[in-house]
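Participant: Structure below; questions to follow.
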Amino acid sequence: MSAVTSRALAVLLCLALLVTACAAPPAPITLDEGTVVVLNQTKAEWRNVVITVNDHFRGGAPSLPPGGRMAAPLAQFQTAFGQHYDRSLQSVAKIELTATAADGSAVALSWHGERAK
């Protein structure tokens, strides 16, 4: 390999690293093909994770570790009366997450259409 080719490869590698380092972090709540995806982007475990879709349909998990990912199909979310979310009858307008961090502080995230707020 020539010196010019080696330098060009090194420059390309540096550019690739810069592009990935400058990319925006993924949203903590996303909706992907009928699945709610939650990312714990903090360094603390979340406990008693509750996800509410459209104010009525709930689901969750006992905990989500730091850096952890949770994915749940919308059909798994249900109301207090046991009715399951039916994608053919409604669309998702809002997703809210509540939890308790390991230090006892409250965690609250919401998604309204495009990105978590």
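Quick note: the coordinates plus some simple rules give every number you see, no bench work behind them. Since this is a predicted model, take the numbers as computed values, not measurements. Cβ placement follows ideal geometry from the backbone for every residue including glycine, while neighbour counts extend to all protein chains displayed.
Participant: Return the long-range amide H neighbours of Thr42 (sequence gap of 5 or more, or a different chain), with a cut-off of under 5 Å between placed amide H atoms.
Facilitator: Placed amide hydrogens put Gly67 under 5 Å from Thr42.
Participant: Collect residues whose amide H, placed 1.01 Å from N in the peptide plane, falls under 5 Å from the amide H of Val36; neighbours closer than 5 in sequence don't count.
Facilitator: Ala72, Leu74
Participant: Within the set of other residues whose C-beta is less than 13 Å from the C-beta of Thr100, count the net charge using Lys and Arg as +1 and Asp and Glu as -1.
Facilitator: Net local charge, Thr100 excluded: -1.
Participant: Order 68-81, 28-41 from most to least packed using the mean count of other Cβ atoms within 10 Å.
Facilitator: Result, highest mean Cβ count within 10 Å first: 28-41, 68-81.
Participant: Percentage of Cα-Cα pair distances in region 25-111 greater than 23 Å, rounded to whole percent?
Facilitator: Every Cα pair in region 25-111 considered, those over 23 Å come to 19 percent.
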